[in-house]
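A quick write-up on the structure given underneath.
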Protein chains: 6
Amino acid sequence: MRPSSRALDELRPVEILVNYSKHAEGSCLIKMGETHVLCTATLEERVPSFLRNSGLGWVTAEYGMLPRATNTRMNREAKRGQSGRTQEIQRLIGRSLRAGVDRVALGERQITIDCDVIQADGGTRCASITGGWVALKLATQKLIKAGDITSDPLLSNVAAVSCGIYAGQPVLDLDYPEDSDAGVDGNFVMNSDGALIEIQMSAEGSVFSRGQMDELMALADKGIAELVAAQNAAVANA
Amino acid sequence: MRPSSRALDELRPVEILVNYSKHAEGSCLIKMGETHVLCTATLEERVPSFLRNSGLGWVTAEYGMLPRATNTRMNREAKRGQSGRTQEIQRLIGRSLRAGVDRVALGERQITIDCDVIQADGGTRCASITGGWVALKLATQKLIKAGDITSDPLLSNVAAVSCGIYAGQPVLDLDYPEDSDAGVDGNFVMNSDGALIEIQMSAEGSVFSRGQMDELMALADKGIAELVAAQNAAVANA
Amino acid sequence: MRPSSRALDELRPVEILVNYSKHAEGSCLIKMGETHVLCTATLEERVPSFLRNSGLGWVTAEYGMLPRATNTRMNREAKRGQSGRTQEIQRLIGRSLRAGVDRVALGERQITIDCDVIQADGGTRCASITGGWVALKLATQKLIKAGDITSDPLLSNVAAVSCGIYAGQPVLDLDYPEDSDAGVDGNFVMNSDGALIEIQMSAEGSVFSRGQMDELMALADKGIAELVAAQNAAVANA
Amino acid sequence: MRPSSRALDELRPVEILVNYSKHAEGSCLIKMGETHVLCTATLEERVPSFLRNSGLGWVTAEYGMLPRATNTRMNREAKRGQSGRTQEIQRLIGRSLRAGVDRVALGERQITIDCDVIQADGGTRCASITGGWVALKLATQKLIKAGDITSDPLLSNVAAVSCGIYAGQPVLDLDYPEDSDAGVDGNFVMNSDGALIEIQMSAEGSVFSRGQMDELMALADKGIAELVAAQNAAVANA
Amino acid sequence: MRPSSRALDELRPVEILVNYSKHAEGSCLIKMGETHVLCTATLEERVPSFLRNSGLGWVTAEYGMLPRATNTRMNREAKRGQSGRTQEIQRLIGRSLRAGVDRVALGERQITIDCDVIQADGGTRCASITGGWVALKLATQKLIKAGDITSDPLLSNVAAVSCGIYAGQPVLDLDYPEDSDAGVDGNFVMNSDGALIEIQMSAEGSVFSRGQMDELMALADKGIAELVAAQNAAVANA
Amino acid sequence: MRPSSRALDELRPVEILVNYSKHAEGSCLIKMGETHVLCTATLEERVPSFLRNSGLGWVTAEYGMLPRATNTRMNREAKRGQSGRTQEIQRLIGRSLRAGVDRVALGERQITIDCDVIQADGGTRCASITGGWVALKLATQKLIKAGDITSDPLLSNVAAVSCGIYAGQPVLDLDYPEDSDAGVDGNFVMNSDGALIEIQMSAEGSVFSRGQMDELMALADKGIAELVAAQNAAVANA
């Protein structure tokens, strides 16, 4: 029934290529099927001015999409400025990742996660969060190994997956053909303890019920568990 | 226990002053306690280019806050451009209101809902949606009365309320002192049939459980029912 | 003869609602007939860099109009940037108010007057100056009451009124129907001693004589005296 | 008494070099003492969209200052955008020149007057209006000579001069040392019939009386008459 | 002698992975050592307005660099706008590729080459031209195969290589350590017939002689021949 | 054969009017035939932040063109922002002039060269470099005369000239009619010792050979020698 013939509760193939970038303190190329996002972590020994002398660290994110990552070429944001959608997404990524960070343990330093979509096929913001966490993990491991910090600032994994109602059925991890057709869809950000961090459900030209919401949350539980496993395997191989 | 001494499931006093603007096709000043938002509906006999000759109408929204609507003066967005937060909010308002519109019945015309926060005390985006629907309703009633359209393009009321976990307790309709202290909070947009349109739950420096999510949804159900009643009373008095 | 049936030298009904804003150090909603402007004063214990360590205070103003304050919706300036007209108006307001301020007595602090037009029917810049002065007065009274300054930094009232030639006749306080039809019109800013602070007379597609200029100045004298009385009454009631 | 030793009612030496630009339809370099402004008129056979098919022409103006036209280098506006002051000035120039134009006689075409300050020593906006009119005159003469229009669209000369109160005395045509020290100053735009087009009097940190205003207007009358003579001589020599 | 131990006239290893993008009409990832650039060609059946109804096609290019493509993270251009350097580079790429295009044979359609630097180690603009030509070639082959055009619009290969004087010696294809230390360096764009298209030699804090220029041109000849061979091999494999 | 009847290797008449600006530390108006550029040098006792406490000075340049410097009026860059072309040119001017500066001898101060095109007829960037050097020379002479620096920071003259292939012939110093028709043209920046600083050759819709490049360089040698003589004569007369 799904265009990709996947089961209703089946993720796309997940591949996480770690240390993809020569320069970044942590990086990976995450592939969720045909959606490919390059995530890099940049470590800086400074914090935004509102945190100076607070003893607290900061994790922030930026998001972008190459103009021809999509089927139809989009205008380059460097020329027209960041869209509202882009800003909304990068705020979500940063907020989500911070939910898994012990900012005291991180100390007064900043980690910027850049998520750049090389190729898009739906679910780019979820892939950015899941891959961004891996880049963040690798960068913090470097800090620990160098003795710059003594306790791990990452409290748990953070991962994200989309769920939606496609052709009347709740489905997990929508690809672009599903996403562009679903009346209801959204994103679930969770940690590796199964706790919720962020829910964004949205109906465009439709509505949904409490029962459907429960079904979508069950799908999210399953998907997040698999993504956390993929994150851990990738980090172990790094 | 709440700073305002309200019960956990108690809305702030709601007041909706209709036809507040001399010029707009529909308008109200909505007061949720000390949060005051002026909502105006502007009707135009044209649609964005992507809808031309489609027979479909369009409802969109813009949001702003006066510089001194808040306790500390903010920079004027006309000078620095719209922030990511502003763009995110106005996209939410527009998407939410469209979920209650029969765009075929509306016909090829556009209604722009301007939501301008005159005074802020938390919950401005929810007040904008709830008040924005009243402005929209009054504008569409004018169209019907004038014979420009024959069937009501509004399928149901659309209203919104915030819920969050404050001092460990789920509470309804957070004011600013609660909002700035809550680790978990979010917004529920629903229609008058009790169906869900949009959920945005977010934990900043915290997480939440499925059980808490259920409690928050129950609070939202109660709040939305009361807001729908207030909308209907306001429209009846117009 | 006037669309509003007013006498040639008759102001519109003036109403000044003081302390309209919960947050601002001084505020009023001024109504000149159907023109409604919210004026707030924000006090900050810092001055622009060019005044640092000078011992002098600063008063500045910003001006805006809600998109649907007018009969036809205007584009939101937060999206397109401030127009030349807006910048010209806010420079006028700031300059006018500073003409009534003893900046030594104010001390090294800044007061920002925000003038936001909620509803427009002509004469918004004059209403902004007249109402802005009330907000400024209330804020400086608070400084005196708190013992932060010892002598009143306001040397006199500052008020403004428009005059123009409508249908061949000099008239006072033009509303929008008059303003859009007058070939010659302008604004007079004066203090409560009857001295001139600013004159801006402009003929669009027309010219005017010295004799007409004298008649307009006489009208301004009368209007300013009435506005000063309204300011004083409002402040006394605060 | 004046820094330049001029009499109180004495203009700076006026020099108008016509046809200064190889490319423009009309041009001059106007020198008011050490203030030098290049004025060019560009003729286009099109009008702004709000005038299309109206039969009416349009005259508009733009104003700029080279970064080192002043004693201290200013930032280049091409890098930071036009300041509010620049926009205010160019609106004034355009409005002033239009007051002397028969837009029916001009026909549906646009003339853009560019006023670029090569060197500044006070009074640049007045020099721009006076020189801009010469450029406009030369361009319209070309239209007449070419037979494109049959009656002269210029109803009268338009010229401008500044007046102010310097060291307690009303003076004509302030240069920079006077301008930066005058508590009251302004600009008078008049036509060659002695009628008023625009008055902008402004007191920064000061006020002025009706009597002073009358003295300033008498100075303006004298100055404008001399400037009109200089314009006519320059055009006759072209 | 070179940091990379290459011979003076030795290119870095060249790898061109064709059809790297699922969506683009032509694409490759070109690797010049550690410099990796993704080049995509987007075909559109429209031309810029200045070419409408001319029968001529257009080839243009845009260039960007991911924020962490470099050793130190750069600010994202989507947030601050395109730098002068970026604009200069993309104008060079477009101009260079157009020099190899028969725009009559292409017909009234536009091909946009996006060159996005995934990882940078010097020579990104040259890699963009060399890889951009491959993307362009693949897109035009598709047009021919589809029968949309009948004759090949590509007259010859276009490739580019940098040369410079490093440690007193002329060297080919500078990497970042060389580039940041070279007093003289530049880029040579040539076609597969050995003809010159563009030369940009620049000395920062240094100068160079005619003799050195001749040596650099000889290096360029050798490098371009090898790059053309690599382009042809990649296209043949596609 | 040339539109101007000049010999193939003949410069346009060169005129350099020194001390053209009343305010700048050094200035000239350079005329290359009908191309007129005002060059001013502004001296500031500060350097950009990346040079603070380095002991090194800085020379930078900005470039602009008056809207009606050209045959067809261009949009004003103050309204639309600096084009890529403008930024590319001003980077070239700054880089070229710095190649002739001993930045240790200059000491920690900055000289900004503003090049503003009053009238354009081709070759404006070369005229800017040649005239900019004169302004720079005059400003540094002032520093020496004032005893602020002890050794001359200018190591040699820097001048620039364009060469191109027009109607199949290599020609020197292209004017606009030639420039707009030449398939190949470029700019040579050299010093007074005949050494090369910058070469920018570009073929639009054409290519060129090594032999043609040699001929163009010979023309450049001749032109630069004459321009250096003109610079020296102008400086001697200052």
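The values are calculated or read from the model by the stated rules, or taken from the named source; none is laboratory data. Predicted, not measured: the structure shown is a model, and the values here were computed from it. Here the Cβ positions follow ideal geometry from the backbone for every residue, glycine too, while neighbour counts run over all protein chains shown. Surface areas here come from the heavy atoms of the whole protein model, side chains and all, with no ligands, DNA or RNA. Shrake-Rupley method; radii C 1.70, N 1.55, O 1.52, S 1.80 Å.
Yes/no matrix, rows are residues, columns are (1) under 28 Å from residue F:25 (Cβ atoms); (2) not in a loop (DSSP other than H, G, I, E, B):
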position: D:20; (1), (2): yes, no
position: D:39; (1), (2): yes, yes
position: D:72; (1), (2): yes, no
position: D:112; (1), (2): no, yes
position: D:118; (1), (2): yes, yes
position: D:133; (1), (2): no, yes
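Count of region C:110-155 residues, restricted to those that are within 14 Å of chain B (Cβ to nearest Cβ), farther than 13 Å from residue C:61 by Cα and not small (Gly, Ala, Ser), is 6. For region B:71-80, a residue qualifies if it is touching a helix residue (DSSP H, G or I) at 6+ places or on another chain (Cβ under 9 Å) and either at the interface with chain C (Cβ under 7 Å from one of its Cβ atoms) or among the aromatic types (Phe, Trp, Tyr) (or both), and the qualifying residues are B:71, B:76, B:77, B:78, B:79. If you check residue F:11 against the conditions, is it out of contact with any helix residue (DSSP H, G or I) (no Cβ under 8 Å at 6 or more places or on another chain) and either without any contact (Cβ under 8 Å) to a residue 24 or more places away in the chain or open to solvent by less than 20 Å² (accessible area, probe 1.4 Å) (or both)? So residue F:11 fails the test. So, of the residues in region E:139-154 that are in a loop (DSSP other than H, G, I, E, B) and over 23 Å from the mean Cα position of the chain (by Cα), which turns out to be nearest to residue E:22 (Cα to Cα)? Selected residue: E:146. The single residue among A:127, A:99 that is farther than 23 Å from residue E:69 by Cα, touching a residue at least 60 places away in the same chain (Cβ under 8 Å), out of contact with any helix residue (DSSP H, G or I) (no Cβ under 8 Å at 6 or more places or on another chain) and buried (at least 21 other Cβ atoms within 10 Å of the Cβ) turns out to be A:99. Residue-level analysis places residue A:16 among those that are assigned to a strand (DSSP E or B) and either within 8 Å of another protein chain (Cβ to nearest Cβ) or at pLDDT 95 or above (or both). Identify the residue in region F:53-65 that is part of a loop (DSSP other than H, G, I, E, B) and open to solvent by 40 Å² or more (accessible area, probe 1.4 Å) and, among all such residues, is farthest from the other protein chains (Cβ to nearest Cβ). Looking at residues that are part of a loop (DSSP other than H, G, I, E, B) and open to solvent by 40 Å² or more (accessible area, probe 1.4 Å), I get F:53.
Got a sec? Which of C:216, C:227, C:143, C:155 is closer than 18 Å to residue C:37 by Cβ and in contact with a strand residue (DSSP E or B) (Cβ under 9 Å, 6 or more places away or on another chain)?
Working: C:216 fails: closer than 18 Å to residue C:37 by Cβ; C:143 fails: closer than 18 Å to residue C:37 by Cβ; C:155 fails: closer than 18 Å to residue C:37 by Cβ.
Matching residue, one of C:216, C:227, C:143, C:155: C:227.
Please tell me if residue F:193 is touching a strand residue (DSSP E or B) at 6+ places or on another chain (Cβ under 8 Å), over 17 Å from residue F:91 (Cα atoms) and in contact (Cβ under 8 Å) with a residue 12 or more places away in the chain. So that I can check it myself, show each step before the final result.
Details: touching a strand residue (DSSP E or B) at 6+ places or on another chain (Cβ under 8 Å): no; over 17 Å from residue F:91 (Cα atoms): yes; in contact (Cβ under 8 Å) with a residue 12 or more places away in the chain: yes.
No, not satisfied.
Selection within region E:30-52: residues that are of a type in the set (S, T, N, Q) and in contact (Cβ under 8 Å) with a residue 24 or more places away in the chain. The member of this set that is surrounded by the most Cβ atoms within 10 Å (Cβ to Cβ) is E:40. Restrict the check to region A:93-106 and report whether at least one residue is touching a Lys or Arg at 6+ places or on another chain (Cβ under 8 Å), within 30 Å of residue A:6 (Cα to Cα) and among the hydrophobic types (A, V, I, L, M, F, W, C). For region A:93-106, residues touching a Lys or Arg at 6+ places or on another chain (Cβ under 8 Å), within 30 Å of residue A:6 (Cα to Cα) and among the hydrophobic types (A, V, I, L, M, F, W, C): present.
Here residue A:68 meets the list (1) in a loop (DSSP other than H, G, I, E, B); (2) more than 14 Å from chain B (Cβ to nearest Cβ); (3) surrounded by fewer than 24 Cβ atoms within 10 Å (Cβ to Cβ) almost entirely, failing just condition (3).
Just one residue in the set F:200, F:231 is surrounded by 15 or more Cβ atoms within 10 Å (Cβ to Cβ), polar (S, T, N, Q) and not in a strand (DSSP E or B); that residue is F:231.
Each residue in region D:46-77 was checked for being of a type in the set (Val, Ile, Thr) and over 21 Å from the mean Cα position of the chain (by Cα), and 2 of them qualify. Which residue is nearest to residue A:61 (Cα to Cα), if the candidates are limited to region E:94-105 and must be touching a strand residue (DSSP E or B) at 6+ places or on another chain (Cβ under 6 Å) and assigned to a helix (DSSP H, G or I)? The residue in question is E:94.
Among the candidates D:91, D:85, single out the residue that is in a helix (DSSP H, G or I) and within 13 Å of the chain's Cα centre (by Cα). Before the answer, list the steps.
Numbers: D:85 fails: within 13 Å of the chain's Cα centre (by Cα).
Of the residues listed, the single one that is in a helix (DSSP H, G or I) and within 13 Å of the chain's Cα centre (by Cα) is D:91.
Among the residues of region E:72-90, the one identified as touching a residue at least 24 places away in the same chain (Cβ under 8 Å) and touching an Asp or Glu at 6+ places or on another chain (Cβ under 9 Å) is E:90. Look through region A:130-161, keep the residues that are among the polar types (S, T, N, Q) and open to solvent by less than 10 Å² (accessible area, probe 1.4 Å), and return whichever of them is nearest to residue A:218 (Cα to Cα). Within region A:130-161, the match that is nearest to residue A:218 (Cα to Cα) is A:130.
The number of residues in region A:180-190 being open to solvent by 20 Å² or more (accessible area, probe 1.4 Å) and over 17 Å from the mean Cα position of the chain (by Cα) comes to 3.
Taking region B:25-70 as the range and being touching a Ser or Thr at 6+ places or on another chain (Cβ under 9 Å) and of a type in the set (S, T, N, Q) as the test, the residues that pass are B:27, B:35, B:40, B:42, B:60.
Has region F:168-176 got any residue that is in a helix (DSSP H, G or I), touching a strand residue (DSSP E or B) at 6+ places or on another chain (Cβ under 6 Å) and open to solvent by 50 Å² or more (accessible area, probe 1.4 Å)? Among the residues of region F:168-176, not one is in a helix (DSSP H, G or I), touching a strand residue (DSSP E or B) at 6+ places or on another chain (Cβ under 6 Å) and open to solvent by 50 Å² or more (accessible area, probe 1.4 Å), which makes the answer no.
Go through E:24, E:41 for me and flag whichever is modelled with pLDDT of 95 or more and within 7 Å of another protein chain (Cβ to nearest Cβ).
Just a single option satisfies the conditions, and that option is E:24.
Taking the criterion of being within 11 Å of the chain's Cα centre (by Cα) and farther than 26 Å from residue E:52 by Cα, the residues of region E:117-135 that qualify are E:123, E:124, E:125, E:126, E:127, E:128, E:129, E:130, E:131, E:134.
Of the numbered criteria (1) free of Cβ contacts under 8 Å to residues at least 24 places away in the same chain; (2) more than 16 Å from the chain's Cα centre (by Cα); (3) under 21 Å from residue E:184 (Cα atoms); (4) open to solvent by less than 10 Å² (accessible area, probe 1.4 Å), the one residue F:214 fails is (4). Restricting A:162, A:151, A:156 to residues that are at pLDDT below 95 and among the small types (Gly, Ala, Ser) narrows the list to A:151. Within region A:220-237, residues that are modelled with pLDDT of 95 or more sit with their Cβ atoms under 8 Å from residues that are open to solvent by 60 Å² or more (accessible area, probe 1.4 Å) and of a type in the set (S, T, N, Q), at 6+ positions apart or across chains, in these pairs: A:235/A:141.
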